[in-house]
Amino acid sequence: MRTLKQKVILSLFLLFSLMIFPENAAGEIFEFKHTAGDRYRILSIVEEEVLVNRVVVLRAEILNRIAFEVTGITDGKARHKAVFQTSERPVKDGLSNTKNDNTGFVWSREYESVFDLDKLGQLTIEPHYFMPMVRNVPVFPGRDLKVGDKWYAPAHEVHDFRDTFEIEEPYKIPFNAFYEYVGEREWKNVSYPAFTVTYNIESRPEPVPGKIYPVRISGTYKQLVFWNRELGQTIACEEQFRVTFDVSDGRRIEFRGKAQAEFVDSDEMDKEKIVTEIKEELERQDIKNVEVKVVNDGISLSLEDIKFYPDSDRMLPGEEEKLERIADILKRYSNRDILVSGHAALAGSPDYLMELSEKRARAVGDYLLAENVRTPDRVVVRGFGALRPIADNSTEEGMRKNRRVEITILEN
């Protein structure tokens, strides 16, 4: 048995060790915290190289903008309604630095999804959804974790191979994810609890009759995840990845690169107030032919009379002056991202109109970037061609209205 003196010495030693090594004082419990009505988004930038038979065929940056709304809590599971928007821009010489490159991202694809998430990260979702791509990462063990503690959990990826391999249903690739709690790490000069996630994929899928399909999939992923205790949410993540698809037609397609993602809290937008403010400013500056209205995504400014040279994305002289004044208005709402969409009148082939409307949207988006309205990762451009007319294309007045560029101040 220990003497009283020994017990006192042991107690003092334990107290001293806790003071010196505070990370050992108490374990960290990782759990998701959600409340009905929560709205937030995740922004991620992926810098990627694509190789075919070991030859680089594409270097690109991909902007993923994911908006979430928690619509309810049932049996401890948070029902999420989510929109996943993907935009891209090519990189010619190496991987660029987004903040130093004033070229906007072009909209690529959009997915909607509904899923349930419990406090430990287990996800429940209907099989027809393509997003989220990585599921059940992270998953937590539900116990106190000390620095250096490790755990693992089964997970899977889901890919959209409709364009690549003409496989119509979501394509599932299972793996085991391995975790280690590494203690406090800094993200943007703030210290957060952090853990690593690593997983390897090694799969030999079943043949898909009558189609080109992957015969072997292998890959390596390494992540560092920063966790916000108060939010009960990932605040940021850094990743390096490399994945290879050996295809039934003999090609080897490899994707490699790095990614960075960040949580962004979204306050509710007072749309009516902002619409009133913008209308008053447009009237004060005598800016004509701009319609401002509330839309599902936020607030739209429709520039119905912005003039370009025929069949061109080059603006006529004087148009930049109008855009400059609109840019000053947009700067007042700098906490919101922007979508610039181009629209055309029904005069030409669908493919031609889609391309022209996208180029004109890009011209306006690039001008706003040059005016420092937003950074490039917060502006997306998209062409709609003649798919969304607002007037009758059989009249000259109607066609003039349909040839427009819309700038949407996004709510989430």
The simple spin-label model distance between Phe241 and Glu206, using points 7 Å out along Cα→Cβ, in nm, is 2.6 nm
Along the dipole axis of the chain (charges at Cβ: +1 for Lys and Arg, -1 for Asp and Glu; origin at the Cα centre), the most positive-end residue among Leu369, Ile235, Val139 is Val139
Any lysines whose Cα falls less than 20 Å from that of Lys33, other than same-chain ones fewer than 8 residues away, would be Lys77, Lys81, Lys119
Non-local residues with an amide H under 5 Å from the amide H of Lys307, with H modelled 1.01 Å from N and Pro and chain starts lacking one, are Leu316
With Cα coordinates, the longest principal axis of the chain makes an angle with the long axis of helix 4-20, in degrees rounded to 10, of 20 degrees
CD proxy, 222 nm, the chain: helix-only mean residue ellipticity via -39,500 (n - 2.57) per DSSP H run with n ≥ 4, per residue, nearest 500, stands at -5500 deg cm²/dmol
Protection proxy (average C-beta count within 10 Å per residue), highest first, orders 381-390, 169-178 as 381-390, 169-178
Diffing region 154-165: the Karplus 3J(HN,Hα) column from phi (6.51, -1.76, 1.60, θ = phi - 60°), in whole Hz with x for Gly and Pro, holds x, 8, 7, 9, 10, 10, 9, 9, 5, 7, 6, 10
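By counting other Cβ atoms within 10 Å of each Cβ, how are Phe140, Phe308 ranked from fewest to most?
Going from sparsest to densest Cβ surroundings: Phe308, Phe140.
Dipole of region 25-265, Cα-centred, from +1 at each Lys and Arg C-beta and -1 at each Asp and Glu C-beta, to the nearest 20 debye?
Computed charge dipole of region 25-265: roughly 300 debye.
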Here the gain from full extension of Arg325 to Lys172, 0.36 nm per residue of separation minus their alpha-carbon distance, amounts to 50.2 nm
Kirkwood calc, region 271-410, C-alpha pairs only, radius in angstrom 15.1 Å
Inter-part gap, Cα centre of region 236-251 to Cα centre of region 362-388, in whole angstrom, is 30 Å
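Assign unit charges at the C-beta atoms only (+1 for Lys and Arg, -1 for Asp and Glu), then state the dipole size of region 367-412 relative to its Cα centre in Debye, rounded to the nearest 20.
80 debye
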For Val158, the net charge from surrounding residues (Cβ-Cβ under 11 Å; K, R +1; D, E -1) works out to -1
Plugging the Cβ-Cβ distance of Gln260 and Arg54 into 1/(1 + (r/R0)^6) at R0 = 41 Å yields, to the nearest 0.05, a FRET efficiency of 0.95
Extension length gain for Tyr152 and Lys293 (0.36 nm per residue less Cα distance), in nm, is 45.8 nm
Net charge (Lys, Arg +1; Asp, Glu -1) of residues whose beta-carbon lies under 14 Å from that of Asp75, Asp75 excluded, is +1
Quick calc: nm separation of the 7 Å Cα→Cβ label points for Glu283 and Lys271 -> 2.1 nm
Tilt, helix 319-330 to longest principal axis of the chain (alpha-carbon atoms), in degrees rounded to tens, equals 40 degrees
The farthest towards the positive end of the charge dipole of the chain, of the residues Ile125, Tyr181, Pro214, given +1 on Cβ of Lys and Arg and -1 on Cβ of Asp and Glu, is Tyr181
To the nearest 10 degrees, the tilt of helix 350-370 (Cα long axis) against the first principal axis of the alpha carbons of the chain is 70 degrees
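What's the magnitude of the charge dipole for the chain around its Cα centre, counting Lys and Arg as +1 and Asp and Glu as -1 at the beta-carbon? Answer in Debye, nearest 20.
1340 debye
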Distance in Å, no decimals, from the C-alpha centre of region 269-337 to the one of region 176-198 is 42 Å
Rounded to the nearest Å, the spacing of the alpha-carbon centers of region 41-66 and region 102-131 is 17 Å
Taking 0.36 nm per residue of separation between Asp351 and Arg229 and subtracting their Cα-Cα distance, the length gained on full extension comes to 39.0 nm
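The numbers here are math on the coordinates, done by the rules we state, and not lab data. Every value quoted in this text rests on a predicted model; they were computed, and no experiment measured them. For neighbour counting, all protein chains shown are included, and Cβ atoms are generated from backbone atoms with ideal geometry for every residue, glycine included.
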